[in-house]
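> Sharing a structure, written as structure tokens. Questions coming.
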């Protein structure tokens, strides 16, 4: 392996996406040959010893892609100081590779989330410019007015940020399906809160053309080669 940037090395090792790896470096959590490195642009090779929080990091030669149906009250993180349950701990124990989630679902939300050790794939799929659709089922505690749907489709400005759905289908007085493209952090919850609504169920049911299907909560399955290539093909990033 020729020399590559440290953040790319971490991504290929399945530690985090390149963007997240950059923060690990600037936070001073990564060492190379026993020396802490906090400057981006550092290059390493296979002969270097890279550690994250003192734990050796090695590039994975086999890429792995898993789809998890995350239950509510699990957090998408490598650790949690509050001691909440981690979504990654639901993955099969036999998998020894270090995997990380592509994007996030918040603590109370459930549904489809992808785990991988392929940093380039994760960065491409999760980037806002990828234009990959993400579909959610939302059930509120009360009636969802038509005006809320109309405003969300036109675009709602909250604290200077525009939140806009691509498509919305009404399923009942209290339930809708929402399709997002960019998927800003906690977008649906922020819009609902803005209109004084409370989602009691927020479940992601599709990313691109990959749906949960009959996968039960807490279960996972590998993505097929066709599904992986489909996501790569749908990404315009």
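Each reported figure results from applying straightforward, stated rules to the coordinates on display, with no laboratory input. The structure displayed is predicted, hence computed values, not measured ones. Neighbour counts run over all protein chains shown; Cβ positions are idealised from the backbone, glycine included.
> Figure the gain on full extension for residue 184 and residue 219 (residue separation times 0.36 nm, minus the Cα-Cα span) and round it to one decimal in nm. If you can, show how the numbers build up before the last one.
Values: separation 35, 0.36 × 35 = 12.60 nm, distance 2.59 nm.
Net length gain for the segment: 10.0 nm.
> According to a simple spin-label model (label point 7 Å from Cα along Cα-to-Cβ), what is the distance in nm between residue 139 and residue 38?
Taking the simple label geometry, residue 38 and residue 139 are separated by 4.9 nm.
> For q = 0.19, 0.21 Å⁻¹, what log10 I(q)/I(0) does the stretch 4-57 give under the Debye formula with an equal point scatterer on each alpha carbon and no solvent?
Debye output, listed in q order: -0.49, -0.61.
> Rank by packing, highest mean first: peptides 20-31, 4-15, with packing defined as the count of other Cβ atoms within 10 Å averaged across residues.
On the way: 20-31: 17.0, 4-15: 22.2.
With the highest mean Cβ count within 10 Å placed first, the list reads 4-15, 20-31.
> Going by alpha carbons, how many degrees (0 to 90, nearest 10) lie between the helix axis of 225-234 and the longest principal axis of the chain?
Result, in degrees: 70.
> Could you please rank 110, 78, placing first whichever residue has the fewest other Cβ atoms within 10 Å of its Cβ? List each step's numbers first, then the result.
On the way: 110 23, 78 16.
Lowest to highest Cβ neighbour count: 78, 110.
> Sticking with this one: Using alpha-carbon pairs under 8 Å, 6+ residues apart, how would you state the relative contact order of the chain in percent?
Values: 473 pairs, mean separation 50.8, N = 237.
21 percent.
> Of the listed peptides 116-127, 216-227, what is their order by residue-averaged count of other C-beta atoms within 10 Å, with the highest listed first? The partial results should precede the final answer.
Values: 116-127: 21.4, 216-227: 13.1.
The packing order, highest mean first, is 116-127, 216-227.
> Sorted from largest to smallest, which semi-axis lengths in Å does the alpha carbon gyration tensor of the stretch 36-101 give for its equivalent ellipsoid, taking the root of 5 times each eigenvalue? Each step should come with its number before you reach the end.
Values: eigenvalues 150, 55, 21 Å².
Largest first, the stretch 36-101 gives 27, 17, 10 Å.
> Take each of the peptides 83-93, 97-107, average the number of other beta-carbon atoms within 10 Å over its residues, and list them starting from the highest. Intermediate values should be presented prior to the final figure.
Numbers: 83-93: 13.9, 97-107: 19.2.
Ranking, from highest mean packing down: 97-107, 83-93.
> Let me ask you something else. Return the FRET efficiency for the residue pair residue 129, residue 226: r is the Cβ-Cβ distance, R0 is 22 Å, and the value is rounded to the nearest 0.05.
Working: r = 24 Å, r/R0 = 1.07.
About 0.40, to the nearest 0.05.
> Same structure, new question: Enumerate the residues in the stretch 140-182 having an amide nitrogen under 19 Å from the point lying 7 Å beyond the Cα of residue 234 toward its Cβ.
Within reach of a label on residue 234: 164-169, 177-182.
> Under 4 °C and 1.567 mPa s, how fast does the stretch 133-207 diffuse according to Stokes-Einstein, given a Kirkwood radius computed over C-alpha pairs? Answer in µm²/s, whole number.
Values: Rh = 12.1 Å.
D = 107 µm²/s.
> How many times 2.2 N^0.38 Å is the alpha carbon radius of gyration of the chain? Mind showing how you got there, number by number?
Details: Rg = 19.2 Å, N = 237, 2.2 N^0.38 = 17.6 Å.
Dividing the Cα Rg of the chain by 2.2 N^0.38 Å gives 1.09.
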